Every structure is written in structure tokens, then in C-alpha cells.
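The values are calculated or read from the model by the stated rules, or taken from the named source; none is laboratory data. Fair warning: this is a prediction, and the values are worked out from it, not measured in the lab. When we count neighbours, we look across all protein chains shown, and the Cβ atoms used for this are built from the backbone with ideal geometry, even at glycine. Note: accessible area is taken over every heavy atom of the protein model, side chains too, but ligands, DNA and RNA are not part of it. Shrake-Rupley method; radii C 1.70, N 1.55, O 1.52, S 1.80 Å.
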Amino acid sequence: MSDFKIRRATEADLPAIVAMLADDALGATRESPGDLTPYRTAYERLAADPNQHLVVAERAGRVVGTLQLTVIPGLSRRGATRSVVESVRVHSEERGSGLGTQLMDWAVEESRALGVQLVQLTSDATRVDAHRFYERIGFEASHLGFKRQL
């Protein structure tokens, strides 16, 4: 049995979440843990949207993981609803503990409970270890993603 609890994130969790977002080579260049103002604004928007599920994994009262699950109704695939998993992070001291798998299992099961037919995610092309992880837990690298910075 796991000693991790996955729960909805609160505003009080933002410092820990942002610290995890910034704790790698990519995040260090795009996150600002010293100024939580934009994250608080974003949190308020997420908390007000019933299709957004920002969660944290907590162990012994400490936030050690996070992800965001977004539910998107659509027309393609015969009107299928899909979910998108974003910002999956596990605290550096917890990597290899199975927490990432538990977080992703939660995302899949929550999606199923919400009537979702397809769970998808993107991962930066440089995150080779993450790609291996996602394939190991049953995700298929089926598409090529594109982004345009605005």
C-alpha cells in the first residue's frame, strides 16, 4: 500500500508545485519560483474551471508530486471527450519511488470516471527518460507535436 495521498491542490501548495516545475534544466529557464504572483492568478483560473484538475501527491504532509488534468469535449472520434495530462512532476528526492506511476494511474482512472475516451499528453523532445516512462506505463508515441510561442 502506498503512503502517498493524491488530492486537489490548494493555493497553499503553489510554492512546492512551482519549485518542482523549476527543478530541472528546462524548468529552470522558464519558471520563476521567487515570484508567485502569476502562478496565483493561474491557480485562480484553474480552480474556477470544472474541467481543470490540478492535484498534488502528498507524503507525510509534504507535497512531493503534481500534475494537471484537463478534460476537453470534442467532435472528432465520434464526439469523444479527451483529457490532457500536463506538468507532471515528481520531487527529485522521490524519483524512482513509483510515485510517477501512481500519479499517472490516478489521471487515467479519473479520466475514466469522467467519461473520457482518450488520455493524451505531450513531453518535451529532450525528456528522453520521461518518454521511456510514458511508454512503459502504456502510452504510445503516436503523434508529432507542434507549438508556437505567442
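In this structure R40 has an accessible area near 100 Å², from a 1.4 Å probe over the protein heavy atoms. Remark: the chain projects, on average over all directions, an area of 9.9 nm² (convex hull of Cα atoms).
Figure legend: label point modelled 7 angstrom from the Cα of D105 along Cα→Cβ; residues of the range 20-58 with amide N under 17 Å from it are 56-58. Obtain the nm distance between the two label points defined at E86 and S32 by a simple spin-label model: each point lies 7 Å from its Cα along the Cα-to-C-beta direction. So the two model labels end up 1.8 nm from each other.
For the range 1-96, the solvent-accessible area of protein heavy atoms averages 57 Å² per residue (probe radius 1.4 Å; ligands and nucleic acids excluded).
Give the residues of the range 66-100 whose amide nitrogen is closer than 18 Å to a point set 7 Å from the Cα of N51 in the direction of its Cβ. Those under the cut-off are 68-87.
Taking 16 Å as the cut-off, the amide N atoms of the range 1-34 that come nearer than this to a point 7 Å along the Cα-to-beta-carbon line of Q149 belong to 26-32. Across every pair of non-identical alpha carbons in the range 82-121, the mean reciprocal distance, once inverted, gives a Kirkwood radius of 10.8 Å. When every Cα-Cα distance of the range 20-67 is counted in 5 angstrom steps from zero, the calculated P(r) takes the values 5, 18, 18, 26, 24, 9, 0 percent.
Computed over the alpha-carbon pairs of the range 7-87, the distance histogram in 10 Å steps reads 17, 44, 28, 10, 1 percent, short to long.
With an 8 Å cut-off on Cα pairs and a minimum separation of 6 or more residues, tell me the relative contact order of the range 1-108 in percent. Walk me through the numbers before you get to the answer.
Numbers: 152 pairs, mean separation 27.5, N = 108.
Reported relative contact order: 26 percent.
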